[in-house]
Amino acid sequence: MQLHHAKHHAAYVAGYNKAAEQLDAARGKGDTETVVSLQRAINFNGGGHVNHSIFWKNLAPISEGGGAPPEGPLAAAIDAQFGSLDALIAKFSAAGAGVQGSGWVWLGLNDRKKLAIVTTPNQDACVTTGHVPLLGVDVWEHAYYLQYKNVRPDYLKNIWKIINWKDVASRYTAAS
């Protein structure tokens, strides 16, 4: 994860900053064609930064509570909507394993204040699906290849040992 943070996430930040600077210059010149052409870089790199910023906060070492099950209103909502935490984990992991190519799997809150599992391709942010992001897991190979090679299901099985449910619960409370 250190390489993931230091190299991959840093590249999204640098890419976004460069595209944002170019966007400001193009707007200043009234260069609509360039403004439009920069949207892809803004979305990709900006999404990469937003997604990873959530991802890092969604993780915690076991010694700091990572993997401890959720409590309170979030736990009640999970039980009500999925039947149990284990059922949520199974559905979430299956959705993540099913992402073709690169992307993300999310536990989000929809506009009816219901939990939902959604996936996004590439670096598309969860908000593009109309959901408030609560928990995001990166399923790009760069997230797990050093430890898990190309076996995404093993990564998804083990990521739960370091999920920071306190952060997820805080996001849930803020969005409810």
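The values are calculated or read from the model by the stated rules, or taken from the named source; none is laboratory data. Keep in mind it's a predicted model, so treat the numbers as computed, not measured. Here Cβ is always computed from backbone atoms with ideal geometry, including for glycine, and neighbour counts include all displayed protein chains. Ligands, DNA and RNA are stripped out before the accessible areas are found, and what is left, the full protein with its side chains, is counted by its heavy atoms. Shrake-Rupley method; radii C 1.70, N 1.55, O 1.52, S 1.80 Å.
Numerical summary
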{"item": "Conditions (1) farther than 22 Å from Trp56 by Cβ; (2) modelled with pLDDT under 95: number failed by Asp79", "result": "(2)"}
{"item": "Yes/no for His9 being open to solvent by less than 20 Å² (accessible area, probe 1.4 Å) and either among the small types (Gly, Ala, Ser) or modelled with pLDDT under 90 (or both)", "result": "yes"}
{"item": "Subset of the range 94-115 that is under 20 Å from Lys57 (Cβ atoms) and among the small types (Gly, Ala, Ser) - its residue that is surrounded by the fewest Cβ atoms within 10 Å (Cβ to Cβ)", "result": "Gly103"}
{"item": "Residue within the range 112-125 that is part of a helix (DSSP H, G or I), in contact with a Ser or Thr (Cβ under 9 Å, 6 or more places away or on another chain) and on the phi > 0 side of the Ramachandran plot present", "result": "no"}
{"item": "Within the range 22-58, tally of residues that are surrounded by fewer than 16 Cβ atoms within 10 Å (Cβ to Cβ), among the polar types (S, T, N, Q) and closer than 25 Å to Thr129 by Cα", "result": "3"}
{"item": "Extreme residue, nearest to Gly136 (Cα to Cα), among residues of the range 151-176 that are open to solvent by 20 Å² or more (accessible area, probe 1.4 Å) and of a type in the set (Val, Ile, Thr)", "result": "Ile162"}
{"item": "Set Gly48, Gly28: member being modelled with pLDDT under 90, not in a loop (DSSP other than H, G, I, E, B) and not polar (S, T, N, Q)", "result": "Gly48"}
{"item": "Odd one out for Gly130 among (1) touching an Asp or Glu at 6+ places or on another chain (Cβ under 7 Å); (2) surrounded by 17 or more Cβ atoms within 10 Å (Cβ to Cβ); (3) not polar (S, T, N, Q)", "result": "(2)"}
{"item": "Of the criteria (1) touching a residue at least 40 places away in the same chain (Cβ under 8 Å); (2) surrounded by 13 or more Cβ atoms within 10 Å (Cβ to Cβ); (3) over 18 Å from the mean Cα position of the chain (by Cα), which one Ala19 fails", "result": "(1)"}
